[in-house]
Structures are given as structure tokens and as C-alpha cells.
């Protein structure tokens with residue numbers, strides 16, 4: 001079972017992810033989200049479908065679910081639940097790490113945001129990735145990843161990429177500009193997908209290596225116990 005400090009770290013990370021997602025949802029419903037195309041906002045149902053189509057949103061959802069689930073555990077879960085939790089944990093670390101890197105180098109230079117849009121963008125793409133990775137480094141838990149699980153995790157970004165490209169070819173809408181085949185051409189998009197695939201593999205390899213080799217320095221930290229002075233010895237008569 002987790003100690004109080006790891007629970008706090010994981011709970012804080014999950015809570016920040018939830019806040020960021022809720023604020024982003026409010027902005028989408030108000031037609032003010034940076035994640036939607038410029039111009040007239042689409043109908044609400046379409047805006048919500050597009051919102052959940054973003055890899056950023058999916059990654060933050062997995063971070064929130066994985067961290068809050070771990071923080072709330074009080075007993076050993078069912079083996080099937082353990083496998084699901086391990087998948088979510090590994091997928092969230094991979095997804096949120098790549099999200100942060102891709103946003104910083106490819107997307108952030110294109111954005112000019114203000115107010116709550118800027119705050120939400122920072123939370124989703126910088127704060128949550130940093131908290132998630134630091135939390136994993138400091139409190140773990142370790143022994144959760146495996147090569148087989150990594151293969152299962154890779155199914156998610158592969159399916160996401162295929163679905164995104166197919167929807168984009170059919171509708172002309174892409175969640176990220178570097179995936180726009182009509183604008184960039186097939187070769188440029190293929191090169192971008194290859195680069196991001198390499199990023200996924202590198203992140204997974206690092207997580208697998210860290211899961212086996214790196215200590216989690218704060219995983220076993222206990223709250224400091226109060227020092228109680230022993231009662232004075234009675235006087236001998």
C-alpha cells in the first residue's frame with residue numbers, strides 16, 4: 001500500500017488534471033476554446049466530439065484516472081483491475097510525456113493565447129506533464145511496467161493516429177496542424193508521424209528502464225513520529 005506522501009503527490013497531480021479538463025470543457029461549451037478551429041464554433045455536439053479527439057485531452061484523462069485511482073486505493077484490487085490500472089499508468093506516462101514535448105516544440109510557437117485559454121493550455125500541456133513525470137520519478141510506484149504491457153499501450157497511439165487521419169481525410173478537420181495531409185502533403189505528415197512514433201518508443205523504453213533501475217526516493221517516506229518523553233522514574237523509598 002502507498003504511504004501518505006505518495007498518495008498526496010498522486011492525488012495532487014490527478015486533481016490538477018481534473019481542474020484543467022473541467023476548465024477546458026467550460027471553454028469549449030462557451031465557444032472560447034483554443035482547441036477548436038478559428039472562426040465560428042461548431043455545434044456543441046461536434047465541439048465535444050472534437051474535444052475528446054485530442055491526444056492532449058485523452059492523455060490528461062488517463063493521468064487523472066490513474067493518479068486518483070492509485071491515491072484512493074486502500075486494499076489490493078482484483079487482478080483484472082490491477083492489469084487495467086497498470087495499463088492506464090503506463091499509457092498516461094507515455095502519452096503525457098509526448099504531449100508535453102510535442103506541444104513545446106511544435107505547437108506552442110503557433111499559439112497566442114490570453115486569459116483562461118492561456119491558463120488552461122499551460123495546465124494541460126506543461127503543468128500536468130511535469131507533475132506526472134516528477135511524481136512517477138519521486139514516488140513511483142515501481143514494478144508496474146513490462147515489455148508486454150508496453151506493446152499493449154502502443155495500440156492506443158497507433159489507433160488514434162489512424163482514426164485521426166481517416167477522419168481528417170473525410171472531413172478536412174485535423175486536431176493538430178502537422179497532421180493536415182491537405183495542407184502539408186503526405187510526405188511531411190508521414191515524417192511527422194514517424195518522428196512522434198520514435199518519441200513514443202523512446203519514452204516507453206525510458207519508463208521501462210526507470211521502472212526496473214531507478215529508486216523512488218519518496219515512496220517509503222513516513223510522517224515523522226512525535227517524540228514522546230518517557231515518564232520519570234519513581235523515587236525509591
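The numbers here are math on the coordinates, done by the rules we state, and not lab data. Predicted model only: the values in this text are computed from it and were never measured. Glycine also receives a Cβ, built like all others from the backbone with ideal geometry; neighbour counts cover every protein chain displayed.
Show that you can apply the helix-only estimate: for the chain, add -39,500 (n - 2.57) for every DSSP H stretch of four or more residues, divide by all residues, and state [θ] at 222 nm to the nearest 500. Intermediate values should be presented prior to the final figure.
Numbers: 9 runs with 155 residues, N = 237.
Rounded to the nearest 500, the figure is -22000 deg cm²/dmol.
From zero outward in steps of 5 Å, how is the percent of C-alpha pairs of the chain spread across the bins?
Over the chain, the share of Cα pairs per 5 Å bin runs 1, 6, 12, 16, 17, 15, 11, 8, 5, 3, 2, 1, 1, 1, 1, 1, 0, 0, 0, 0 percent.
How big is the Kirkwood radius of region 108-152, worked out from every pair of different alpha carbons and given in Å to one decimal?
Details: mean 1/r = 0.0771 Å⁻¹.
Across region 108-152, the inverse of the average 1/r is 13.0 Å.
Would you mind calculating the gained length between residue 191 and residue 44 on full extension (0.36 nm times residue separation, minus the Cα-Cα distance), in nm to one decimal?
Working: separation 147, 0.36 × 147 = 52.92 nm, distance 3.35 nm.
Stretched out fully, the residue 191 to residue 44 stretch lengthens by 49.6 nm.
Provide the packing ranking of 117-126, 189-198, i.e. peptides ordered by the mean count of other C-beta atoms within 10 Å per residue, highest first. Spell out each step's value before the answer.
On the way: 117-126: 19.3, 189-198: 14.7.
Going from most to least packed, we get 117-126, 189-198.
Would you order 92, 53, 146 from fewest to most other beta-carbon atoms within 10 Å of each residue's own beta-carbon? The partial results should precede the final answer.
Values: 92 26, 53 17, 146 14.
Sorted ascending by nearby Cβ count, the order is 146, 53, 92.
Quick one: go through region 44-83 and flag any residue whose amide nitrogen is under 12 Å from the point 7 Å out along the Cα-to-Cβ line of residue 163.
49-55, 58-59
At 7 Å along Cα-to-Cβ for each site, give me the label-to-label distance between residue 184 and residue 101 in nm.
1.6 nm
For residue 154 and residue 52, what does the FRET efficiency come to when R0 = 25 Å and r is the distance between their Cβ atoms, rounded to the nearest 0.05? Before the final figure, lay out the partial values.
Numbers: r = 20 Å, r/R0 = 0.81.
So the FRET efficiency works out to roughly 0.75.
By how many nm would the segment from residue 76 to residue 119 lengthen if fully extended, with 0.36 nm per residue of separation less the alpha-carbon distance?
Working: separation 43, 0.36 × 43 = 15.48 nm, distance 3.73 nm.
Full-extension gain reported as 11.8 nm.
Per the Kirkwood formula on distinct C-alpha pairs, the Rh of region 1-117 is how many angstrom?
Values: mean 1/r = 0.0634 Å⁻¹.
Evaluated on region 1-117, it is 15.8 Å.
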